[in-house]
Amino acid sequence: MREVPSWLRTRPYAFAALLAAALLVANVVSEPNFAKPANWPSELAALAPLALVAMASTPSILSGGGGLDISVGPLAVLANVVLVEWLLPHGTLGSAWIAIPLLIALGAAIGAINGLLVAVARYQPVIATLCTFFVVAGVITKIAGAPRAVPHGTWTADLGDQVWVVPGALLLIAIPLVIWYALSRSAYHRNLFATGGNDATAFSSGIDVAATRIVAYALGGAFAAVAGIALTALVQSTQAAGYAQFTLIALAAVALGGTQFGGGRGGLVASLLGATCIYLLQTLLGAVGVSSSWLNFVYGALLVAGVVIGAKVVAPRSREAFA
C-alpha cells in the first residue's frame, strides 16, 4: 500500500483543511450567495456553536486516558438556558461583562467536577461524563419549561450579527483560541501533551497528572459555556433540546480534525477545522435538497471516517502537538 505523504503524517489537520476548502467551493457553486460578505456574519453565527463544542471536547481528549467528555453538549445548553432564564432578565447580571464571565466560571466548575471524578475518584471518563450528562440534562429540564425568547435589544443579538464591524461569532470563537494560545506559552501546555502521550512517563517526570487532567476538563467546560452563549446569539431563545446531537457533532469534528482519541496529539485549531467541514457539509446537503433526517447519519459517518483517517495518517507514537 502506498505510504502516506510525510507532510500529511506530520500535519493530520491538513486533511480537514483541504476538505473544508473543497466543501467551501462546492457551497459557492451550489449557492452563489453563500460567499457574499453580507452573509458572513450569519454564516459564522451558525458555525460558532458547532465549532465551540468541538473545541470544548478537545482538552480532555488531549489529556489521554480515554478522556471523552460527552457532557459538553448539555453544558452548552445549560449556559444557554441560564443566560436566557436567569441572567438577561435581571438587569446588572444580564450585562455582557458580568454574564459571560459567570457562565464561563459555571462551565469551568462543572468541568472541574468531571476532572475530579476522572483523575481523583478514578471513574472511567465516559462513565463520569455520562453521569454529568444526565445530571445537567435534568437541571436543564427543571430550569427551562416552555421556550423563552431573549429580551429584545440585548447584546446577544449583536453577537449573532456584528459588533462594530466584526462578526460577533468571531469574537466568541476567539475566546478559547486566545486562552489556548496563552496556555501554549506556559508549562501547562507541555504537561498536557506529555500526560496525554504517556501518563506514566509524565508522572515519573514530576508532572502532576491529576491536576493536569482536572484543568483540561475545566477548560472544556469553560469552552462549552462559550458555545452556549453562541447558541443563544444564534437562536435568540432557550434551546432545551438537542444537547445529545451537539456531543455527537463535537466528537465527529475532533476526529475529522485529526486529534487522536488516545490523547497527546491535536489542538483547538484542528477541531475548529473539523467543525467547519461538518458545517459546510451540512449547508451543502441543504442546498442540494437532501433531507435533514440524514444529518445524524452524516455525523456518525464523519466520526467513523475521522477515526479511520487518523489511524492511517498519524505517525505511530508521535507526540508532536499541532495547533
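The values are calculated or read from the model by the stated rules, or taken from the named source; none is laboratory data. None of the values given here were measured: they were computed from a predicted structure. Virtual Cβ from ideal backbone geometry, glycine too; neighbours counted across all protein chains shown. For the accessible areas, the whole protein counts, side chains as well, though only heavy atoms, and no ligand, DNA or RNA atoms are used. Shrake-Rupley method; radii C 1.70, N 1.55, O 1.52, S 1.80 Å.
Points to keep in mind about this one:
- Its Cα centre serving as origin, the chain has a Cβ charge dipole (Lys and Arg +1, Asp and Glu -1) of approximately 660 debye.
- The trypsin sites (Lys or Arg not before Pro) of the stretch 83-151 meeting both criteria, a DSSP state outside H, G, I, E and B (loop) and at most 10 other C-beta atoms within 10 angstrom of the site's C-beta, are Arg122.
- Span-like helix criteria (full DSSP H runs; alpha carbon extent of at least 20 Å along the helix axis; mean Kyte-Doolittle hydropathy of at least 0.5) are satisfied in the chain by 13-30, 40-62, 96-119, 125-143, 168-184, 209-235, 243-257, 268-287, 295-313.
- Relative contact order (percent, whole number), the chain, Cα cutoff 8 Å, 6+ residue spacing: 35 percent
- The loop-placed chymotrypsin sites (Phe, Trp or Tyr not before Pro) in the stretch 144-234, going by DSSP, that have at most 12 neighbouring Cβ atoms within 10 Å of their Cβ come out as Trp164.
- Taking max minus min of the alpha-carbon positions on each principal axis, the stretch 172-320 gives extents of 55, 36, 23 Å, largest first.
- Look at the alpha carbon pairs under 8 Å that are at least 6 residues apart: their mean separation over the length of the stretch 21-117 gives a relative contact order of 13 percent.
- Amide H within-cut-off set for Ser237, under 5 Å, with H built and near neighbours excluded: Val150
- Shape annotation for the stretch 176-245: C-alpha extents along the principal axes are 49, 25, 15 Å, from largest to smallest.
- Once both labels are positioned 7 Å from their Cα atoms along Cα-to-Cβ, the gap between Ala241 and Val139 label points is 2.3 nm.
- Relative contact order, whole percent, for the stretch 176-323 stands at 27, derived from Cα pairs under 8 Å and 6 or more residues apart.
- Inter-site label distance for Val304 and His90 at 7 Å from Cα along Cβ, in nm: 4.7 nm
- Working from label points 7 Å from Cα in the Cα-to-Cβ sense, the Val126 to Glu31 distance is 3.5 nm.
- Counting protein heavy atoms only, the stretch 72-121 has 80 percent of its accessible area on carbon and sulfur, 1.4 angstrom probe.
- One chain, two ends: Ser204 and Ser42. Fully extended at 0.36 nm per residue, the span grows by 53.4 nm beyond their Cα-Cα distance.
- Residue-normalised accessible area of the chain, given per residue in Å² at a 1.4 Å probe: 44 Å²
- Percent accessible area from carbon and sulfur atoms, the stretch 174-323, protein chains only, probe 1.4 Å: 65 percent
- Under 5 Å, built H, 5+ apart or other chain: amide partners of Val163: Gly168
- Cα centroid separation, the stretch 232-246 to the stretch 152-180: 17 Å.
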